[in-house]
1. Can you confirm whether Glu19 is surrounded by fewer than 19 Cβ atoms within 10 Å (Cβ to Cβ), free of Cβ contacts under 8 Å to residues at least 12 places away in the same chain, more than 23 Å from Pro129 (Cα to Cα) and more than 17 Å from the chain's Cα centre (by Cα)?
2. Looking only at residues that are among the small types (Gly, Ala, Ser) and surrounded by fewer than 14 Cβ atoms within 10 Å (Cβ to Cβ) in region 22-45, which one is nearest to Glu89 (Cα to Cα)?
3. List the number of the failed condition for Ser71; all other conditions in (1) among the polar types (S, T, N, Q); (2) touching a residue at least 24 places away in the same chain (Cβ under 8 Å); (3) closer than 21 Å to Arg16 by Cα hold.
4. Return yes or no: is Glu7 farther than 22 Å from Tyr101 by Cβ, surrounded by fewer than 19 Cβ atoms within 10 Å (Cβ to Cβ) and either without any contact (Cβ under 8 Å) to a residue 12 or more places away in the chain or hydrophobic (A, V, I, L, M, F, W, C) (or both)?
5. Considering Lys123, Lys99, which residue is closer than 30 Å to Gly30 by Cα, exposed (fewer than 13 other Cβ atoms within 10 Å of the Cβ) and either under 43 Å from the mean Cα position of the chain (by Cα) or at pLDDT below 75 (or both)?
6. Identify all residues within region 102-120 that are buried (at least 18 other Cβ atoms within 10 Å of the Cβ) and free of Cβ contacts under 8 Å to residues at least 60 places away in the same chain; write none if there are none.
7. Are any residues in region 84-96 within 19 Å of Phe17 (Cβ to Cβ) and crowded, with 18+ Cβ neighbours inside 10 Å, and if so, which ones?
8. So, in region 56-68, of the ones that are closer than 15 Å to Arg16 by Cα and of a type in the set (S, T, N, Q), which residue ends up surrounded by the most Cβ atoms within 10 Å (Cβ to Cβ)?
Amino acid sequence: MSKPMKEMIISEYQNRFGELDSAVLVEIRGMDANKNNELRGELAEKQIKVTILKNSLAQTALKGGKLELLSDSMEGSSALVTGADSVVEVAREMVRCAKEYVALELRAAVLDGELFEGDSGIKRLSEFPTKDEAQANVVALALSPFKNVVGAAGAPGSSLMGVVKQIQEKLENGEEISKAG
C-alpha cells in the first residue's frame, strides 16, 4: 500500500474515531458474506456501526486518543463497533450477537478510560446500566426519601384527625373530655 493511501486511511480513522471515548473491539473471522451482511443489518437497525480495521494504521490513528487502550488487543481481523446511545448498549448487542454468530469474538472495550478485556470484560460492561437507566435509578433514589417523609407525615396526621373528630363528637354530644395523662 502506498504512503499516501496509508495517510488517507489514518486520516479517515482519526475523523471517524478521534472524538470517541468508548467503543467495542471484536474479531470477525471466517464469516461468510451473507452472515456478515445479516449481522451488519441487525446492528444498523440499532444505530450500531462496524468498521473493519487495518490494525497498524488504526493503532497509529488512535495513538494519544481515548481509544488507544484498544491498540494492544488489535490482532487478526479487528473491527471497531460504535454507535447506539452508549457503549453499554453496543456491548449488550455484541454479547447477544456472539451467541448467534460463532465467528464473532469479543476482544475489548473502552468506557471512560477503563479497558474491559476479552469476552468476560465485555460481558461485565454489558451488565452496567446505560446512561438513561442510571439517571432513572438516581431519580428514584432521590425521590424515595421524600416519598417516605410524605407517607410518615400522612400517617400521624390521619390518626390526629381521628382524635380531633372524636373530640368534636364528644363536645357536640355534651360529653366531658378528660385530660390524657
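1. no
2. The extreme case among them is Ala44.
3. Unmet for Ser71, out of (1) among the polar types (S, T, N, Q); (2) touching a residue at least 24 places away in the same chain (Cβ under 8 Å); (3) closer than 21 Å to Arg16 by Cα: (2).
4. Yes: the conditions hold for Glu7.
5. Selected residue: Lys99, the only one of Lys123, Lys99 that is closer than 30 Å to Gly30 by Cα, exposed (fewer than 13 other Cβ atoms within 10 Å of the Cβ) and either under 43 Å from the mean Cα position of the chain (by Cα) or at pLDDT below 75 (or both).
6. Residue satisfying the conditions is Phe116 alone.
7. Ala84, Ser86, Val87, Val88, Glu89, Val90, Ala91, Glu93, Met94
8. Among residues in region 56-68 that are closer than 15 Å to Arg16 by Cα and of a type in the set (S, T, N, Q), the one surrounded by the most Cβ atoms within 10 Å (Cβ to Cβ) is Gln59.
The values are calculated or read from the model by the stated rules, or taken from the named source; none is laboratory data. Keep in mind it's a predicted model, so treat the numbers as computed, not measured. All Cβ positions, glycine included, derive from the backbone under ideal geometry; neighbour counts span all protein chains shown.
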